[in-house]
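All remarks here apply to the structure that follows.
The values are calculated or read from the model by the stated rules, or taken from the named source; none is laboratory data. Bear in mind that the values here come from a model prediction, so they are computed numbers and not experimental data. A quick note on method: Cβ atoms are made from the backbone with ideal geometry, for glycine too, and the neighbour counts reach across all protein chains shown. Note: areas computed on protein heavy atoms with side chains; ligands, DNA, RNA excluded. Shrake-Rupley method; radii C 1.70, N 1.55, O 1.52, S 1.80 Å.
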Amino acid sequence: MAKPFLVYGRPNCKDTERALALLDERGVTYDYVNIEEDPEAEQFVVLYNSGERITPTIVMGPEEDRPILVEPSNQALSEALDALGYEDPRQERF
């Protein structure tokens, strides 16, 4: 079983809400971290994003070479999930 993703986000962030909805639709396991309540998480996001509080910042698994997506579009997030071998349960199978 795949390890959970880590989604750094903020309340009322439409991009975070959109990304979480897509992950839910795809059946992806993730842990959500609210950067407004976790100073270490906020520091990670700011350092990773060159001083910006950009959300969502999505760490796709625990490995050292894991992909990290920043404010991805639905298409970019879906493509990354496909590349990691996550089947899309929304697709019809014949």
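Brief remarks on what is shown
- The residue list Glu17, Glu79, Glu25 contains one member that is touching a residue at least 60 places away in the same chain (Cβ under 8 Å) and not in a loop (DSSP other than H, G, I, E, B), which is Glu25.
- Number of residues in segment 28-61 that are within 23 Å of Pro89 (Cβ to Cβ), in contact (Cβ under 8 Å) with a residue 40 or more places away in the chain and of a type outside the set (A, V, I, L, M) equals 2.
- Index of the failed condition, Ala41 passing every other in (1) of a type outside the set (Asp, Glu); (2) touching a strand residue (DSSP E or B) at 6+ places or on another chain (Cβ under 8 Å); (3) not in a helix (DSSP H, G or I): (3)
- Filtered by the rule that a residue be within 14 Å of Val7 (Cα to Cα) and of a type in the set (D, E, K, R), segment 42-53 gives Glu42, Arg53.
- Among residues of segment 1-15 being within 19 Å of Arg66 (Cβ to Cβ) and open to solvent by less than 90 Å² (accessible area, probe 1.4 Å), the one that is modelled with the lowest pLDDT is Ala2.
- Any hit, segment 24-45, residues being of a type in the set (Phe, Trp, Tyr), open to solvent by less than 70 Å² (accessible area, probe 1.4 Å) and modelled with pLDDT of 95 or more: yes
- Filtering segment 54-66 to residues that are touching a helix residue (DSSP H, G or I) at 6+ places or on another chain (Cβ under 6 Å) and either closer than 17 Å to Pro4 by Cβ or surrounded by fewer than 18 Cβ atoms within 10 Å (Cβ to Cβ) (or both) leaves Pro56, Thr57.
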